[in-house]
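The values are calculated or read from the model by the stated rules, or taken from the named source; none is laboratory data. Since the structure is predicted, the reported quantities are computational estimates derived from the model, not experimental observations. Neighbour counts run over all protein chains shown; Cβ positions are idealised from the backbone, glycine included.
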Amino acid sequence: MEIVQQQILSNLGIESLKPMQEAAVKAILADDTVLLVAPTGSGKTMGFMLPALQLLKPNINAVQCLILVPSRELAMQLDQVWKKMSTGFKVNVCYGGHSTQIETKNLSTPPAVLIGTPGRILDHIQRNNFTLNNIHTLILDEFDKSLEMGFHEEMEQIIIKLNNLKKRVLVSATSNIQIPDFAGVTKPTVLNFNPKKDELNESLSIKLVMSDDRDKVYSLFQLLCSVNSESALIFSNHRDACERTTEYLNGKGIHAAFYHGGMEQDDRERALIQFRNGSVNYLVTTDLAARGLDIPEMKHVIHFHLPVQEQEFIHRNGRTARMHASGTAYIIISKDETLPSYINKNTEVLKLAKKYNLPDEPQFKTIYISGGKKNKLNKIDIVGFFSQKGKLGKDDIGLIEVKDFNSFAAVKTNKVGVLLGNIKEEKMKGKKYKVEVAK
């Protein structure tokens, strides 16, 4: 199994497992019930996916491992990780906003691993779209977030139907969570890798930004003009505030996108893609982006609004200052606001310069391609097409993401016109695709 594991790590571009991941693999294989707690971005996914793989039996043509997650994005992220592992075992992903018909068709040839949000998985169970008899491993990833989002009833209905479970794995970035009775967890093996409170701020700097205006958007604008054009996550407590703030920043010449749970799935995906590939440097978001998302680590996290609970403050800050890196969390507060008790009243106040320059323009633009995996397109095809027909150099092409029916590629801003002009009448793999700047 060690040779197989090394090949899987190689497929993922990982040299070796971290101590937390090694401990998780060992515990999940040895014990019936495991609670794994570790910070956002620490690599918990590999900690449970590697042992899940070892528990699969190749001669069973049915779902053997069920992974429940709170959000579509986390479902898709885990699906992509499993596919990159190249295990030989089929995986399917089910979530709201995704075609039920496509999911039902996929489930007609059962996957060994099924990943999904509780509501959609329960819907498939009630339709008898897959059998539960062979499910021996249940993984609840970010289970506390699923509870927060109100999935109690769906999770209970699913778990009560899993009569042949042998392994239960609960995964979270939050310590001291009350585990509901329906999870069937008694005396779990607890692996808690969250840092102690006095270790949290070693590499994280927290600064207050005082706003004269109650609305605070101008102070946010000033702050973004002072962070050396480096990308930042901006947290707001309300969906409409995310949209309003983004509109304001774009109107001031700062390229930002918004992201929240009320958006259509395609719009949410595009916002994340543009942020990941550097087409926008600032993402204004609710706590939906505080954990469980595949976005790069950054130096700056900005609290446009502070959360009510300290735990969410910690999760937000987990997007920066990971491992040995350093980062800064900025709290924008108006004079008529009161700091919550979890913020030190002696926190350093950052004085913003009165003169400022706009942040640099993003280096990349996102290009939309009207074909994806189902059209037999892959990253190599797109790079080859852009290089040979589009006349782009290697450094002109950034991150490429290939979805089922479309793809997105980051292209240097100053080369977009050249690319689109050169490929206007060209075909990729013998077929004409729509290629344009993503809207």
Residue that is nearest to the chain's Cα centre (by Cα) [pool: residues in the stretch 147-164 that are of a type in the set (A, V, I, L, M) and under 9 Å from residue 182 (Cα atoms)]: 155
Meets criteria (assigned to a loop (DSSP other than H, G, I, E, B) and not assigned by TED's automatic domain parsing to the domain that holds residue 93) for residue 391: yes
Only one of 128, 194, 134 that is polar (S, T, N, Q), surrounded by 14 or more Cβ atoms within 10 Å (Cβ to Cβ), at pLDDT 95 or above and outside any helix (DSSP H, G or I): 134
Test: residue 372 is small (Gly, Ala, Ser), surrounded by fewer than 15 Cβ atoms within 10 Å (Cβ to Cβ) and without any contact (Cβ under 8 Å) to a residue 40 or more places away in the chain: no
Given (1) in contact with a strand residue (DSSP E or B) (Cβ under 6 Å, 6 or more places away or on another chain); (2) surrounded by fewer than 16 Cβ atoms within 10 Å (Cβ to Cβ), index of the condition residue 172 fails: (2)
Hits in the stretch 152-178 - residues which are assigned to a loop (DSSP other than H, G, I, E, B) and at pLDDT 95 or above: 161, 162, 163, 164, 165, 166
Matching entry among 403, 354, 415 (being out of contact with any strand residue (DSSP E or B) (no Cβ under 8 Å at 6 or more places or on another chain), buried (at least 19 other Cβ atoms within 10 Å of the Cβ) and not assigned by TED's automatic domain parsing to the domain that holds residue 255): 415
